[in-house]
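Worksheet: one structure, shown below.
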Amino acid sequence: MKYIALFIIFFSSLSYAEVNLVKVDKSENKMYLYDGDEIVKEYHVVFGANPKGHKQQEGDERTPEGMYTLDYKKEDSSFYRSMHVSYPNEIDKENAMKRGVSPGGFIMVHGQKNWLGWLAPIMQNFNWTDGCIALTNSEMDEFMELVKVGTRINIEW
């Protein structure tokens, strides 16, 4: 009974959290949701096959680094639910233009590939996206509930 009460208290406190920052540590495969200075949720996440370093161009399988905004939710993608990261910003576009390449885009926080959610216990053990940030489907449901459009996301190595 004691554990049930603790479980209820923990999850009811999550529903009252006002997440104002999502922080991603690529070197640790971790994502943290912050309410002020307090971490209210931690997730294990995975990235593209080439995670170290800032995204330079389309197809490099890197996740961008820096401060961005989660600017819209997408419910009808090839992946179980998603939220868009505002990459590329103006600096990203300028740097890519100087190098004569496309910066890429459509970077998302998302769940598993549609109809393959049952593979999450395996898929979340290695970097498999093209540069997005992947969660399990149940974690993605929780993320979409806790994180509002317009929330800042800080991605770093």
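The values are calculated or read from the model by the stated rules, or taken from the named source; none is laboratory data. All values derive from a computational prediction rather than experimental measurement. Neighbour counts run over all protein chains shown; Cβ positions are idealised from the backbone, glycine included.
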Among the residues listed as Glu58, Glu75, Glu90, the single one being charged (D, E, K, R), surrounded by fewer than 18 Cβ atoms within 10 Å (Cβ to Cβ) and farther than 30 Å from Trp118 by Cα = Glu90
Counted residues in the stretch 108-151 being surrounded by 15 or more Cβ atoms within 10 Å (Cβ to Cβ) and not in a loop (DSSP other than H, G, I, E, B) come to 17
Which residue pairs have Cβ atoms closer than 6 Å, lie 6 or more positions apart in sequence or on different chains, and pair a first residue in the stretch 133-153 that is under 12 Å from Tyr32 (Cβ atoms) with a second residue that is of a type in the set (Ser, Thr, Tyr)?
-> Ile153/Tyr68
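Name the residue, out of Met67, Met83, that is farther than 26 Å from Asn137 by Cβ, under 17 Å from the mean Cα position of the chain (by Cα), at pLDDT 95 or above and assigned to a strand (DSSP E or B). Full working, then the answer.
Numbers: Met83 fails: farther than 26 Å from Asn137 by Cβ.
Just a single option satisfies the conditions, and that option is Met67.
Evaluate the following for Glu61: is it of a type outside the set (Lys, Arg), out of contact with any His (no Cβ under 6 Å at 6 or more places or on another chain) and over 17 Å from Trp157 (Cβ atoms)?
Values: of a type outside the set (Lys, Arg): yes; out of contact with any His (no Cβ under 6 Å at 6 or more places or on another chain): yes; over 17 Å from Trp157 (Cβ atoms): no.
Spelling it out, it is not the case that Glu61 is of a type outside the set (Lys, Arg), out of contact with any His (no Cβ under 6 Å at 6 or more places or on another chain) and over 17 Å from Trp157 (Cβ atoms).
Considering Asp130, Asp92, which residue is among the charged types (D, E, K, R), in contact with a Pro (Cβ under 9 Å, 6 or more places away or on another chain) and under 25 Å from Glu28 (Cα atoms)? Walk me through it before giving the result.
On the way: Asp130 fails: in contact with a Pro (Cβ under 9 Å, 6 or more places away or on another chain).
So the residue among Asp130, Asp92 that is among the charged types (D, E, K, R), in contact with a Pro (Cβ under 9 Å, 6 or more places away or on another chain) and under 25 Å from Glu28 (Cα atoms) is Asp92.
I need the full set of residues from the stretch 34-49 which are surrounded by 15 or more Cβ atoms within 10 Å (Cβ to Cβ) and either among the small types (Gly, Ala, Ser) or part of a loop (DSSP other than H, G, I, E, B) (or both), in order please. Talk me through it step by step, then tell me what you get.
Step one: of the stretch 34-49, the residues surrounded by 15 or more Cβ atoms within 10 Å (Cβ to Cβ) are 34-35, 40-41, 43, 45-48.
The answer is Val45, Phe47, Gly48.
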